[in-house]
Amino acid sequence: MITFLAYEIKVAVIITVFYLFYRIMLSRETLHRLNRAILMSTVFIAFILPFCVITIHKTVEIAASPELAANQQINDAVYVLAGDVEKLSMQEAGHWWLPLASVVYILGVAFMLIKTACELVSVKRLLAGGEHYPQSDGSILVVLDKDIAPFSWMKWIVMPREDYERGNSHILLHEKAHIAFGHAWNVLLVDLLASLQWFNPTMWYLRSDLRAIFEYEADDAVLRNGANIKEYQYSLIRKAVSESGYSITNSFNHSILKNRITMMSKSKSTVYRGLRALYMLPLLVVALACNSRTETEYKVSENEQESNAMIQEETARTIAFNIDAGSGDTFIYYDGVRIAFDEVATRISSEDTLGLILFTADKDVRLGCIHDVRNELGKYQDVKVKYQCPQIKQNPRKFPNGSETLVTSNVRSGLQCYVKVNDDDRILLQLGTGNNDFAVFDAGKENSMHGFRNSLKSRIKQNPECELWLRFDRGTTFGAYVVIQDIVSSIYDELRCEYAESNYSKSLDQLSQTEIDDIIGKIPLRVYEEDLADVEKRK
């Protein structure tokens with residue numbers, strides 16, 4: 001709902017700006033058809049333009065160092081963790097007026113729609129209660145035995161019996177012009193859109209001007225048919241004492257009588273004055289520019305071929321974890337050969353040099369199994385572990401375990417964040433020490449992980465020195481582990497890049513060592529994992 005309210009505010013701003021330019025440039029001209037097209041276009045543009053987002057892609061190179069290494073973006077992930085973005089945004093904002101504004105807005109829209117529906121029902125009843133006389137142009141004249149101002153709606157023309165018996169041709173020509181121009185459809189469409197913008201005064205001014213233009217168009221059509229201008233104006237004045245009472249109709253007695261008579265008497269505007277309508281083009285360009293966004297892509301500034309060669313050399317040893325489709329059991333493979341868990345230590349000890357070992361696992365493999373093998377590797381020095389998931393394009397890093405980290409006791413209240421993932425891959429994001437300051441996410445629901453990411457980034461950005469604690473249970477899937485690790489590391493990379501650009505107007509690879517040290521000091525990487533063994537002991 002917050003997203004929709006933001007959209008409606010954008011629509012209101014666009015309508016206001018375009019309408020103000022219309023009032024200055026064209027409102028006094030007699031180019032009625034052009035003015036009608038401009039106002040209708042303003043409404044359509046306002047509701048469509050917020051969806052027209054120009055994306056500018058920007059690439060920032062990052063120095064290839066452990067502290068400032070960039071990870072791939074999460075946008076192309078096959079496996080995503082999800083949550084309720086709307087609920088999270090509410091909790092993150094923490095303002096009582098957001099739900100109140102949503103309720104007020106919905107009530108306003110409902111009231112306007114109900115009002116329009118009631119008017120439609122009333123008009124339908126009037127049409128059903130009169131005598132119908134089909135006309136040669138396809139319209140239908142409805143004669144009522146009551147004193148009512150003549151009006152038209154869709155193909156029906158309504159007038160009192162007194163005017164019908166007098167044969168008032170001016171009324172008939174005027175209402176037929178409304179039908180020929182399709183004004184009723186314009187009225188209905190604008191009224192429906194105005195219901196969504198009921199809080200915007202400009203929308204109601206635009207609606208009023210548009211209905212006035214409808215009357216100017218119909219008046220002009222009557223005069224072009226040879227009616228005497230003085231007699232026609234007298235008909236308008238004589239009928240000014242009654243009103244139809246239905247705002248969705250086109251009434252012969254419109255309340256802007258003085259303006260209509262003035263407009264009939266004005267000299268016609270030249271076609272060249274219509275070129276003023278070109279004001280819409282620069283306004284469109286400005287609006288699109290304001291609605292544009294920049295997507296920054298981060299990449300490590302190093303030789304790609306050399307990097308790939310190093311990775312191939314270092315990942316000569318691979319431990320793979322695959323789930324058997326039939327039994328659902330997890331099997332371990334060492335350099336492509338299936339082995340039992342108790343063979344892992346034997347295989348590792350038989351190697352002269354191990355270097356970096358690649359852990360590759362299906363996204364549904366549970367962390368408990370991977371953790372046990374990792375513990376076996378921990379007995380040997382000079383062994384580094386790199387993680388990879390074939391179904392996911394991220395390259396996560398492993399953060400220090402809590403047991404390996406010296407945590408000071410003087411951490412200020414509110415400078416800790418917790419990301420806890422249970423056996424069902426349900427994520428608890430606790431944004432502070434308060435019990436109510438948290439949000440819950442479910443794994444497997446698409447298009448929601450951006451909310452989790454944005455909330456976490458916002459929290460870290462507000463408190464760059466905060467400690468972020470990650471807790472994964474033994475039943476957590478490897479896919480959840482990979483995605484969350486990648487999100488965390490990429491958030492710190494992005495925040496450091498943004499800091500470099502805003503404070504030094506440089507990319508990271510252009511910074512001096514002093515400037516890099518300053519960034520690391522301002523946005524330190526205080527991210528720790530709670531060891532699974534410690535988690536099990538506390539259970």
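Scan segment 211-237 for residues that are without any contact (Cβ under 8 Å) to a residue 40 or more places away in the chain and of a type in the set (D, E, K, R) and the total you get is 2.
Checked against (1) in contact with a Cys (Cβ under 7 Å, 6 or more places away or on another chain); (2) modelled with pLDDT under 75, SER301 passes all but a single condition, namely (1).
Taking the residues in segment 304-328 that are polar (S, T, N, Q) and modelled with pLDDT under 60 as candidates, determine which candidate is farthest from PHE341 (Cα to Cα). This residue is GLN305. Against the test of being more than 30 Å from PHE4 (Cβ to Cβ) and in contact with a helix residue (DSSP H, G or I) (Cβ under 6 Å, 6 or more places away or on another chain), the options SER122, SER139 yield a single qualifying residue, SER139. Taking the listed residues MET112, MET154, the one that is under 23 Å from LEU39 (Cβ atoms), at pLDDT below 90 and touching a helix residue (DSSP H, G or I) at 6+ places or on another chain (Cβ under 7 Å) is MET154, with no other qualifying.
Taking the criterion of being among the aliphatic types (A, V, I, L, M) and free of Cβ contacts under 8 Å to residues at least 60 places away in the same chain, the residues of segment 160-188 that qualify are LEU172, LEU173, ALA177, ILE179, ALA180.
Taking every residue in segment 508-523 that is within 12 Å of ASP493 (Cα to Cα) and in a helix (DSSP H, G or I) and pairing it with any residue that is of a type in the set (Phe, Trp, Tyr) and modelled with pLDDT of 85 or more, at least 6 positions away or on another chain, the pairs with Cβ-Cβ distances below 9 Å are ILE519/TYR499; ILE519/TYR504. Taking the stated definitions as given, is ILE148 part of a helix (DSSP H, G or I) and either of a type in the set (Val, Ile, Thr) or surrounded by fewer than 21 Cβ atoms within 10 Å (Cβ to Cβ) (or both)? The answer is no for ILE148. Consider segment 180-232 and keep the residues that are among the polar types (S, T, N, Q) and farther than 26 Å from SER136 by Cα. The one that is surrounded by the fewest Cβ atoms within 10 Å (Cβ to Cβ) is SER208.
For segment 8-29, name all the residues that are at pLDDT 90 or above and not aliphatic (A, V, I, L, M). Matches in segment 8-29: GLU8, LYS10, THR16, PHE18, TYR19, PHE21, TYR22, ARG23.
Residue count for segment 365-382, restricted to those that are surrounded by 18 or more Cβ atoms within 10 Å (Cβ to Cβ) and not in a helix (DSSP H, G or I): 2.
Scan segment 494-501 and give yes if some residue there is closer than 17 Å to MET449 by Cβ and in a helix (DSSP H, G or I), otherwise no. Checked against the condition, which is being closer than 17 Å to MET449 by Cβ and in a helix (DSSP H, G or I), segment 494-501 yields at least one hit.
Would you confirm, using the coordinates I've provided, whether GLN485 is more than 30 Å from CYS389 (Cβ to Cβ) and of a type outside the set (A, V, I, L, M)? The answer is no for GLN485.
Within segment 467-493, restricting attention to residues that are assigned to a helix (DSSP H, G or I) and hydroxyl-bearing (Ser, Thr, Tyr), which residue is nearest to the chain's Cα centre (by Cα)? If we take residues in segment 467-493 being assigned to a helix (DSSP H, G or I) and hydroxyl-bearing (Ser, Thr, Tyr), then SER490 is nearest to the chain's Cα centre (by Cα).
The values are calculated or read from the model by the stated rules, or taken from the named source; none is laboratory data. What you see is a predicted model; the values in this text were computed from it and never measured. For neighbour counting, all protein chains shown are included, and Cβ atoms are generated from backbone atoms with ideal geometry for every residue, glycine included.
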